[in-house]
Amino acid sequence: MVTGSVVGLLASAAFTATLGILIKYFGAVRLIAGYDPNRVADEEGLANFIGTNALYVAALVLLVAVVEYTEPFDGAEVIWIAFVVGVGLLTTRMIRGARRYETAEGE
């Protein structure tokens, strides 16, 4: 039986994966929030880094969907705590890591 939350999670995973693929493999860096072409020194590197991390987020969402659907153990709500922590860590990694691809001020 597929619940509404599983369908929503699958849709979210598909959307996030689509963004990750567009950014990583097609160089659609304009999809990155706060992207400023005047401040980016390495567009290809930025696209690869952010796109890969977006795919990691999509994989986490998919994992939560699978756990929600199968309910392999009692207390499956713990997966949501792991999900929030995982997404928080990946978000921090993306924000901090994206700075590597910026030019220094005044260049």
Point to revise | Whole-number accessible area per residue in Å² for the chain, which is evaluated in the context of all protein chains at 1.4 Å | key: 65 Å²
Study note, to complete from the structure: Here the gain from full extension of residue 3 to residue 77, 0.36 nm per residue of separation minus their alpha-carbon distance, amounts to 25.1 nm
Revision key, fill the gap. For the range 53-94, the accessible surface attributable to carbon and sulfur atoms (probe 1.4 angstrom, ligands and nucleic acids excluded) amounts in percent to 72 percent
Revision key, fill the gap. Inverse of <1/r> over all distinct C-alpha pairs of the range 1-46, i.e. the Kirkwood Rh in Å, gives 12.3 Å
Check your understanding: Using the per-residue mean of other Cβ atoms lying within 10 Å as a proxy for protection, in what order, highest first, do the peptides 55-62, 67-74 fall?
Key -> 55-62, 67-74
Practice item. Could you pull out every residue, at least 5 positions away or on a different chain, whose amide H is within less than 5 Å of the one on residue 40? Hs are placed 1.01 Å off N in the peptide plane, and Pro or chain starts have none. Key: 103
Point to revise | the chain: Rg to Rh, with Rh as the Kirkwood radius over Cα pairs | key: 1.09
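The values are calculated or read from the model by the stated rules, or taken from the named source; none is laboratory data. What you see is a predicted model, and the numbers here were worked out from it, not measured in a lab. Here the Cβ is made from the backbone with ideal geometry for all residues, glycine too, and neighbour counts use every protein chain on show. Calculation scope for accessible area: heavy atoms of the full protein, side chains included, ligands and nucleic acids excluded. Shrake-Rupley method; radii C 1.70, N 1.55, O 1.52, S 1.80 Å.
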